Amino acid sequence: MLSIEKRVVVAMAIVMVPRLALAQLRVSVGAGAGIAGSTDGSLSEGRSAPVVMAQVSTSSAVGLGIEADAWLRSGSNVSVATGDLQLRIPSTSLFIKLGGGFGRGDPDGKGTVDGTAGHIGAAYDVNVSGSRFAMTLFANGFVVYTASRSLQMVDGGLAITRR
């Protein structure tokens, strides 16, 4: 049986560890617009649609995270989820994102494809004075590779970020 002191330490750890973990995370949720198409043609022939984005990453100078982006158009859509390496440019609020993961979609009505995804992106935090929140401008480029045909998507928008 644990002594009262050990019980207090365990209880404090149960309460504090999740708070400390959350304090070290950046959580962003946003919306914007994007263009998606297949590699059967150029991206300039792609179609535009609204985009939603969610990201969770560590808040250090070199962070790890996950990001999910969804391009939503009536009758077709593209979803991409990636694990990212996020690099913060020193003395700025600019982040560069590089990652890989999985994507699926039908951006052009020619059938759904799914496969390995590559991701490159950037984000810039506009600080909200006196708070842990920022307005984040984001831009991303994705390629989803399959043997038959691949798809590509670029998006950009505005997110609310808790740091």
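The values are calculated or read from the model by the stated rules, or taken from the named source; none is laboratory data. Treat the numbers as computed from the prediction; the structure is a model and nothing was measured. With ideal geometry, Cβ positions are generated from the backbone for all residues, glycine too; neighbour counts draw on all protein chains shown.
Worth pointing out:
- Selected residue (criterion: nearest to the chain's Cα centre (by Cα)) from residues of region 48-77 that are of a type outside the set (S, T, N, Q) and closer than 11 Å to A36 by Cβ: D69
Residues are listed down the side, and each one gets a yes or a no for (1) surrounded by 14 or more Cβ atoms within 10 Å (Cβ to Cβ); (2) at positive phi; (3) within 12 Å of the chain's Cα centre (by Cα); (4) aromatic (F, W, Y):
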{"site": "L94", "(1), (2), (3), (4)": "yes, no, no, no"}
{"site": "G111", "(1), (2), (3), (4)": "no, yes, no, no"}
{"site": "A117", "(1), (2), (3), (4)": "yes, no, no, no"}
{"site": "I120", "(1), (2), (3), (4)": "yes, no, yes, no"}
{"site": "L151", "(1), (2), (3), (4)": "yes, no, no, no"}
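- Applying the criterion of at least 2 residues that are small (G, A, S) and closer than 19 Å to F133 by Cα to the strands (runs of 3 or more DSSP E) found wholly in region 39-112 leaves 47-58, 62-73.
- Pick from region 70-88, criterion within 21 Å of R47 (Cβ to Cβ) and of a type in the set (S, T, N, Q), ranking: surrounded by the fewest Cβ atoms within 10 Å (Cβ to Cβ): S74
- Some residue of region 113-130 being among the polar types (S, T, N, Q), under 17 Å from A159 (Cα atoms) and part of a strand (DSSP E or B): yes
- Residue within region 58-68 that is at pLDDT below 95, touching a Gly at 6+ places or on another chain (Cβ under 7 Å) and within 23 Å of S44 (Cα to Cα) present: no
- In region 73-91, residue modelled with the lowest pLDDT [restricted to those that are farther than 11 Å from F142 by Cβ and in contact with a Phe, Trp or Tyr (Cβ under 8 Å, 6 or more places away or on another chain)]: N77
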